[in-house]
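Comments concern the structure below.
The values are calculated or read from the model by the stated rules, or taken from the named source; none is laboratory data. In this text, all values refer to a predicted model and were calculated from it rather than measured experimentally. No Cβ is skipped: glycine too gets one built from the backbone with ideal geometry, and neighbour counts run over all protein chains shown. The area values use the complete protein model at the heavy-atom level, side chains included, leaving out ligands, DNA and RNA. Shrake-Rupley method; radii C 1.70, N 1.55, O 1.52, S 1.80 Å.
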Amino acid sequence: MDILIKGGEVYTASGFERRDIGILSGRISFDIDRSFDKCIDASGLYIIPGLADAHVHLREPGFSYKETIRTGTMAAAHGGVTAVLAMPNLDPAPCDGASLKEELELIKKDALIKVIPFGTITMGRKGRGELSNMEAMAPYVCGFSDDGTGVQDGELMEAAMKKAAKLHKIISAHCEDERELKPGGCIHDGAFAKEHGYVGINSESEWKQVERDIELAEKTGASYHVCHVSTKESVRLIREAKKRGVHITCETGPHYLIYTDMDLEESGAWKMNPPIRSAEDRDELIKGIKDGTIDCIITDHAPHSEEEKSKGLSGSAFGITGLETSFSAVYTFLVKTGVIEFSDLLRLMSGAPRRIFDIPGPKDYLSEGDLADLAIVDLNKRYRIDADRFYSKGHSTLFDKKEVYGSVEMTFSEGKQVYPFEK
């Protein structure tokens, strides 16, 4: 269906400009002197590139009680996200051609938007042992990750980087040195943990493995991406590595940029890995997104059942949902407060992830001929987030009941309306 969107503020290379925009054969067109099958009035609304989330857990196959390809991509579309990279915390974990096939078939059958999976780094996603069959998976995956598990053996990670480099694929690493962890660690090892008697997760468990992997990436020439950066030390290490020309990129999440460990409450909604850290860490993360050290803002959307998230900070599963709140949270708490510009939001949440992982679609702005991955948003609409109305099966979020701006009104993926959902 060819669609004309009239009267909106379209985000182009010149910024927002009021103009009509067409969707022709699944692509963006500014040539509107023709007939269209459908016309949408976007007066008072803003038309932006669809977001691309480089770190999402869709849970299927293996854990469909937490999320499915269908519910996860519905949540994404609701949040203005038109492409996601799916992490391999699955059963079976995609570590060879056969184990990847089931996930690919589910994506083909049920995904509403573009979903590109990661293959694992190690067999079984164990972070040790032997490498996965990267060659068999390479044509079908965006890269390789053992997310949820740090690769504990430096020699194994070096071998993984060498193989990934030959295949022209990226290594996306969950950095966690298990030697630094204490049993029962559940939140940042900081003031809140000490005041309330919790076992902490120290910063060294993250940044020491980042430091190791930077050395390996420099040695091997591999493209290396650091998942969900949370510590000031990691940011500084990555900043210096970039200055030396290491092929390194990284990401962080809205929750790490907005909250600190002193905001924590006795609720499973505040439990994720890595944890929300100190004000000093948050300030360095903000500096990192402003100076270009941090490339992407991702959600690390990690849904769990209500029962799994109902056991407080100590007993709940690690992980929160984010696909349906990321745009409004970043817009409200970072753009409207003047921390970053709107152009930065689109670079961090659309353009950069697409460039790093070669995801098709518009980058930082909408151009003639781009795939029609776009969202129509109301930047002036103030609303209260209600987790009970999420399309995701996971309802655990730090933004429930928060007043925010930036409502996603419509989402299109490759020219097809994917939100609101057609009946």
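Here are the numbers for the structure shown:
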| read-out | value |
| --- | --- |
| Search result, residues across the stretch 65-124 that are more than 23 Å from ILE376 (Cα to Cα), of a type in the set (D, E, K, R) and part of a helix (DSSP H, G or I) | LYS101, GLU102, GLU103, GLU105, LYS108, LYS109, ASP110 |
| Hits in the stretch 316-370 (condition: open to solvent by 30 Å² or more (accessible area, probe 1.4 Å), outside any helix (DSSP H, G or I) and over 26 Å from MET272 (Cβ atoms)) | GLY338, GLU341, ASP358, PRO360, LYS363, ASP364, TYR365, SER367, GLU368, GLY369, ASP370 |
| Among the residues listed as CYS227, CYS186, the single one being closer than 19 Å to GLY319 by Cα and either modelled with pLDDT under 95 or touching a helix residue (DSSP H, G or I) at 6+ places or on another chain (Cβ under 7 Å) (or both) | CYS186 |
| Residue ranges of strands (runs of 3 or more DSSP E) in the stretch 1-56 with at least 2 members under 30 Å from MET87 (Cα atoms) | 27-29, 46-49, 51-56 |
| Any hit, the stretch 225-241, residues being farther than 14 Å from ARG282 by Cβ, touching a Cys at 6+ places or on another chain (Cβ under 9 Å), open to solvent by 60 Å² or more (accessible area, probe 1.4 Å) and part of a helix (DSSP H, G or I) | no |
| Residue in the stretch 255-264 that is of a type in the set (D, E, K, R) and more than 18 Å from the chain's Cα centre (by Cα) present | yes |
| Qualifying residue in the stretch 142-163 (condition: open to solvent by 40 Å² or more (accessible area, probe 1.4 Å), in contact (Cβ under 8 Å) with a residue 60 or more places away in the chain and basic (Lys, Arg)) | yes |
| Unmet criterion (only one of (1) touching a His at 6+ places or on another chain (Cβ under 8 Å); (2) under 25 Å from ARG382 (Cβ atoms)) for PRO303 | (2) |
| Counted residues, the stretch 401-423 - those being in a strand (DSSP E or B) and out of contact with any Ser or Thr (no Cβ under 9 Å at 6 or more places or on another chain) | 3 |
| Qualifying residue in the stretch 382-398 (condition: in contact with a strand residue (DSSP E or B) (Cβ under 6 Å, 6 or more places away or on another chain), over 25 Å from CYS142 (Cα atoms) and surrounded by 23 or more Cβ atoms within 10 Å (Cβ to Cβ)) | no |
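Condition check ((1) within 30 Å of GLY197 (Cβ to Cβ); (2) in contact (Cβ under 8 Å) with a residue 24 or more places away in the chain) across all residues:
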| residue | (1), (2) |
| --- | --- |
| LYS219 | no, yes |
| ALA222 | no, yes |
| VAL226 | no, yes |
| ALA241 | no, yes |
| GLY245 | no, no |
| ILE248 | no, yes |
| GLU251 | no, yes |
| ALA269 | yes, yes |
